[in-house]
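Quick notes on the structure that follows.
Please treat every number below as a calculation from the coordinates, not as lab data. Remember, predicted model here, so these are calculated numbers, not experimental data. Ideal geometry is used to build each Cβ from the backbone, glycine not excepted, and the neighbour counts take in all protein chains shown.
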Amino acid sequence: MQTVAYPGWDGFLGTRASFMLDVLVIAMALVVVVLAWSVYQVKYRRRFVLHKWVQVILGLVLLVAVVVFEVDVRLNGWEDRATGAIGGQASTTVWTALTIHLVFAVAATILWPVVIIRALLNFPNPPAPGPHSRFHRLWGRIAAIDMVITAFTGWTFYYLAFA
């Protein structure tokens, strides 16, 4: 059996995925856990300052991870790794999983900065409940749910394409 040489660094999770895809899979697991913890902290413990900074840091980490991931995909592609062959074409199932994932990922890319920037502009410093709270609770909840769905659809795509 001939070994296929893929562009870019190989991953570490034992699949055909690249190093950056593996990093992103792990990062999204951490993001979901930290996101849930942060929401718990603000909702039940009323730790507004902690919630603010955790969300700002999560937003920045996600921005860096997505930019590095996009650069990796643009430079090295993904379809050869997904098919296990140079010049291969991914199945319809893989493309469908990717399309569904991208719908939620693009929405998250729009929602998160809007929610974070509006919060930074409209909450006092230090943050406390106020007139902006209703908007923030609604759209923050939508953005958090979207991020969780983005993670699950990303993991589904990863499994279908590279496992």
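Structure summary
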item	result
Distance in nm between pseudo-label sites at Thr92 and Phe69 (7 Å out along the Cβ direction from Cα)	2.7
Residue order, fewest to most surrounding Cβ atoms within 10 angstrom, among Phe152, Phe162, Phe12, Phe157	Phe12, Phe152, Phe162, Phe157
Neighbour net charge for Val68 - beta-carbon separation under 15 angstrom, K R +1, D E -1	-2
Charged-residue dipole, Cβ positions (Lys, Arg, Asp, Glu), the chain about Cα centre, Debye nearest 20	1060
The range 30-125, relative contact order [Cα under 8 Å, separation at least 6], %	19
The chain, relative contact order [Cα under 8 Å, separation at least 6], %	30
Over the range 19-162, volume per residue of the alpha carbon convex hull, in Å³	97
Net lengthening on full extension, Val56/Leu13 (0.36 nm per residue, minus Cα-Cα)	12.6 nm
Tail weight of P(r) past 15 Å, computed on alpha-carbon pairs of the range 20-67, percent	45
